[in-house]
There are 2 protein chains.
Amino acid sequence: MAKIPENELARQVMKGDRGAGARLITLLEEGNESAREVMKSLYPHTGKSMIVGITGGTGTGKSTLIDLLIHDFRQSGKRVGVVVVDPSSPFSGGAFLGDRLRMQRHACDEGVFIRSMASRGYLGGLARTTAETIRVMEAMGADVVLLETIGSGQDEVEVIRVAQTCILVIAPNMGDDIQALKAGLMEIGHIYVINKSDLEGSIQALREVEAVLSMKTYPDKAWKPRVLSTVATEGKGIRELVSAIQEHNVFINQGARADRFRFERVEYELSLVFKNELERLVHEGLKGTGKKKKYIRKICDGQSDPYTIIAEVLKNFLKKGSFDPEK
Amino acid sequence: MAKIPENELARQVMKGDRGAGARLITLLEEGNESAREVMKSLYPHTGKSMIVGITGGTGTGKSTLIDLLIHDFRQSGKRVGVVVVDPSSPFSGGAFLGDRLRMQRHACDEGVFIRSMASRGYLGGLARTTAETIRVMEAMGADVVLLETIGSGQDEVEVIRVAQTCILVIAPNMGDDIQALKAGLMEIGHIYVINKSDLEGSIQALREVEAVLSMKTYPDKAWKPRVLSTVATEGKGIRELVSAIQEHNVFINQGARADRFRFERVEYELSLVFKNELERLVHEGLKGTGKKKKYIRKICDGQSDPYTIIAEVLKNFLKKGSFDPEK
């Protein structure tokens, strides 16, 4: 292959250049075609990091915990990638900037690469760009990737699927969170952290989580979720959390499990890329027909409906390999 | 057309039967094909309601406001549909059930139809099912549709696009909300409501909203957003809110504006249906090839990557009109 700029970008990313990594991620978010070419060459060099998802409501102290985890992993010489999935809504909170600032103390450390993902505005959705960002970090040499999500909104919950180890962070006296556990997130957590455990109500929160977990039965060789208490602001309980993460990592890398995780990760990414490519077709397709206005007019005039129109357009597409009915 | 059950369901919906409406919406959520047939026949009978979106953070009192709006519209003999977009995340809040209960006082009123939308788990996404639910309510005879969203998460923000009139609810002393306004939601609000205006800080909140709005310049004939104060729990300010809604409704139904809204609504729905149909293709496509496992294995073994595989699959698809490479 001729030496093209794509190769140069791929080379820089592989060297761990953070500027190059950032550039590639932005290109991927924009749906840039050359970026996909770069990914093709990077892909075989990825897939070996430990991906840890950290999720929980606002105000539970996720970011402070992550800051400490970065510090701990760096102490043991690991290269750390951090993906922060921004809440998409302007309603979601003001504490965010402060949290981010705290994390920035690692910004000068070449062994840490932090990236926030915007939740909207990009072609192909947050899930795809998050999965791709993690691959880029792996190509850059990350040993650990920490994925912070706010645990609210379809997309944000969706992204956690790429994590091998899922940590749910709960703060005491936020009854909602316990309700939440009961409602559905019990299936995805490998480690439950009661943060701010110096606050009143923390023992009760711990008990409640344990009680909910105890209602589940686990097959003999399944992972039994851990429940831990931390006070992130004082660094309490962090060693235990790191140990639990490592334990889970050892667990999932035993025998066939490691294979299964890799398989499922690729399966998921495959569907994301597929969806993205189809969305591009939609986008170009509806634009390309030149008939869109006529279709809409027809529906507005009560002569048709979206279902009939789309069925027609697709039938045509399947017959001719093009959305343009004139072709 | 022969008399099929679809026709019977359509007939019942058109009669305003709430059981039939609920059934149809569930079928649509499940991606049921007959439900789409029903929609085809209902579609020409829809599009004439007033759609009012109410959005804001948790704890701002949206649901109480909506409860009063329902009451007010019912007093003037209007049939009211209410679509409540559930927060998808189990983290999102516990007040919700209580709010819903309050609204339930209208449950026995045949002129009110309330439907909560789950944010996940359904084929085709929340935006499509929300848009379809509103169409169903219109077919049932709704004069007004109130759409409550929590204003957080990509999907929840997205759904508000089908509303003609957007109300942003803010509570004082929730600094985040004001930040939020500055950050981005200023574009979508037609009416701003400072609810809980008996609380300290409400005048300041009002001033801040007005200040932010005053920074914008509006073209001569554009709608100038209204800012109102309410105390929903005491019913204060509700008449003014209803007047503002009606004023905006008159405004958008003047001349070409009414047409433009209808056009944009259909355009949006067209893209939702298109996307949904394509997603079904992905689903069936990736399953249908029978080669999925081989593809994944190839990627896991470092011999290929998702981009290359999907490009191949799509090339094949465009050539043959089928995802099955064996055909």
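Please list, by residue number, everything in segment A:247-275 whose backbone N is under 20 Å from a paramagnetic label point 7 Å out along Cα→Cβ of A:Asp220.
The answer is A:251-258, whose backbone nitrogens lie closer than 20 Å to the label point.
Can you sort B:His71, B:His248 by how many other beta carbons sit within 10 Å, fewest first?
Going from least to most buried by this count: B:His71, B:His248.
Using a Förster distance of 22 angstrom, determine the FRET efficiency expected from the C-beta separation of A:Glu33 and A:Glu8, and round it to 0.05.
E between A:Glu33 and A:Glu8, to the nearest 0.05, is 0.85.
Which links in A:Lys292/B:Lys275; B:Lys62/B:Lys236; A:Lys62/A:Lys236; B:Lys275/B:Lys298; A:Lys48/B:Lys298 stretch past 20 Å when you go from one Cα to the other?
Table pairs above 20 Å Cα-Cα are B:Lys275/B:Lys298.
Given labels modelled 7 Å from the Cα in the Cβ direction, how far is it in nm from A:Glu284 to B:Lys15?
5.0 nm
With a 10 Å radius around each residue's Cβ, average the other Cβ atoms per peptide and rank A:17-29, B:138-150, A:219-231, B:206-218, highest first.
Listed from highest to lowest mean packing, they are B:138-150, A:17-29, A:219-231, B:206-218.
Using Cβ contacts closer than 10 Å as the measure, can you line up A:Cys166, B:Cys108 from fewest to most?
The order, fewest Cβ neighbours first, is B:Cys108, A:Cys166.
One decimal, nm, shortest first: give the distances between the label point of A:Arg239 and those of the same position in the other copies, each label point 7 Å from Cα along Cα→Cβ.
Spelled out, the distances from A:Arg239's label point are 6.9 nm.
Under the definition of partner shielding as Cβ atoms of other protein chains within 10 Å of a residue Cβ, what is the mean value for peptide A:233-246?
Counting Cβ atoms of other protein chains within 10 Å of each residue's Cβ and averaging gives 0.
Measuring from a point 7 Å out along Cα→Cβ, what nm distances, shortest first, does A:Glu210 have to its partners in the other copies?
The answer, with the shortest distance listed first, is 5.6 nm.
For B:Leu199 and A:Ser116, what is the calculated FRET efficiency with R₀ set at 51 Å and r taken between the beta-carbons, to the nearest 0.05?
0.95
Using a label point 7 angstrom from Cα along Cα-to-C-beta, what distances in nm, from shortest up, separate A:Ala107 from the other copies?
Taking the point 7 Å beyond Cα along Cα→Cβ, the inter-copy spacings are 5.3 nm.
Bear in mind these aren't lab numbers, they're just calculated from the coordinates by the rules spelled out. What you see is a predicted model, and the numbers here were worked out from it, not measured in a lab. Ideal geometry is used to build each Cβ from the backbone, glycine not excepted, and the neighbour counts take in all protein chains shown.
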